[in-house]
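Undergrad: I'd like to ask you about the structure that follows.
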């Protein structure tokens, strides 16, 4: 099947020149869990042709409620490999790199962020996230980041704002506190977030899962797919809108 056939409806909306621009941009995505996996799908289905995915995790049973690569048949497999297979089936013409690695201060140079047009952050670790954002902000890439998507149930409350203007998100607050103590952002970063914050009320189920070894973390917050997926699709949408806006000078709003 030809590339033009796959994206005929997309080209109808944004035009051929914008489609050609989408096909030339290089995107690197850190984290393909509840948010990142849906972002990857949105990018490939929209015409991005060069995508690198970074995530060292394997599919766990506890991922099935919200993560795209997680099914009862893929438990134990590397998330990036499962996702790569799916995305190549969607668009076999795309170049998709699956890196089962962890981003950290030590591993940072190996990812060569200067080679990418867009850097997308969908990782959970506070320290690694802070380092990624500050490092990426020193490159020429445009950066989009996901704040915390747990403890939420209403996708209508999801918003986009510049990093320093995000409100009502504990993860964003913790990141800002860390950045004020030393690390600096050299450019604005748009973030997907929600001010909604619900309590965990199913503590009995959580205790049972921990005892049975279903969760690897002592602290686990409830999460639902209708929120994490919208976070992910919004991230992919920000990339697509940015490319289309630059190419067609359309007045998209975030």
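The values are calculated or read from the model by the stated rules, or taken from the named source; none is laboratory data. What you see is a predicted model, and the numbers here were worked out from it, not measured in a lab. Reconstructed Cβ throughout: ideal geometry from the backbone, glycine too, with neighbour counts over all protein chains shown.
Undergrad: I'd like the full set of residues that are farther than 15 Å from residue 50 by Cα, crowded, with 16+ Cβ neighbours inside 10 Å and either at pLDDT 95 or above or more than 15 Å from the chain's Cα centre (by Cα) (or both), limited to segment 109-129.
TA: 121, 122, 123, 128, 129
Undergrad: So, residue 98, is that one within 17 Å of residue 53 (Cβ to Cβ) and either at pLDDT below 95 or touching a strand residue (DSSP E or B) at 6+ places or on another chain (Cβ under 8 Å) (or both) or not?
TA: Answer is yes for this residue.
Undergrad: So which of 67, 88 is farther than 17 Å from residue 240 by Cα and surrounded by fewer than 18 Cβ atoms within 10 Å (Cβ to Cβ)?
TA: Matching residue, one of 67, 88: 88.
Undergrad: Filter segment 11-20 down to the residues that are at negative phi, in contact with a helix residue (DSSP H, G or I) (Cβ under 7 Å, 6 or more places away or on another chain) and surrounded by fewer than 17 Cβ atoms within 10 Å (Cβ to Cβ) and list them by number.
TA: 17
Undergrad: Let me ask another. Taking residue 186 and the conditions (1) modelled with pLDDT under 95; (2) under 14 Å from residue 232 (Cα atoms), which numbered condition does it fall short on, given that it satisfies the others?
TA: (2)
Undergrad: With the checklist (1) closer than 29 Å to residue 174 by Cα; (2) more than 17 Å from the chain's Cα centre (by Cα); (3) assigned to a helix (DSSP H, G or I) in hand, flag the one item residue 89 doesn't pass.
TA: Failing condition for residue 89: (1).
Yes/no per residue for (1) in contact with a helix residue (DSSP H, G or I) (Cβ under 8 Å, 6 or more places away or on another chain); (2) in a strand (DSSP E or B); (3) more than 21 Å from residue 129 (Cα to Cα); (4) at pLDDT below 95:
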| residue | (1), (2), (3), (4) |
| --- | --- |
| 148 | yes, no, no, no |
| 178 | yes, no, no, yes |
| 182 | no, no, no, yes |
| 205 | no, no, yes, yes |
| 210 | no, no, yes, yes |
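Undergrad: Do you know which residues across segment 21-38 are under 20 Å from residue 92 (Cβ atoms) and crowded, with 20+ Cβ neighbours inside 10 Å?
TA: Answer for segment 21-38, where residues must be under 20 Å from residue 92 (Cβ atoms) and crowded, with 20+ Cβ neighbours inside 10 Å: 22, 25, 27, 29, 32, 37.
Undergrad: Then there is this: Picking from 96, 102, which residue would you name as being under 25 Å from residue 191 (Cα atoms), free of Cβ contacts under 8 Å to residues at least 60 places away in the same chain and surrounded by fewer than 17 Cβ atoms within 10 Å (Cβ to Cβ)?
TA: On inspection, the qualifying residue turns out to be 102.
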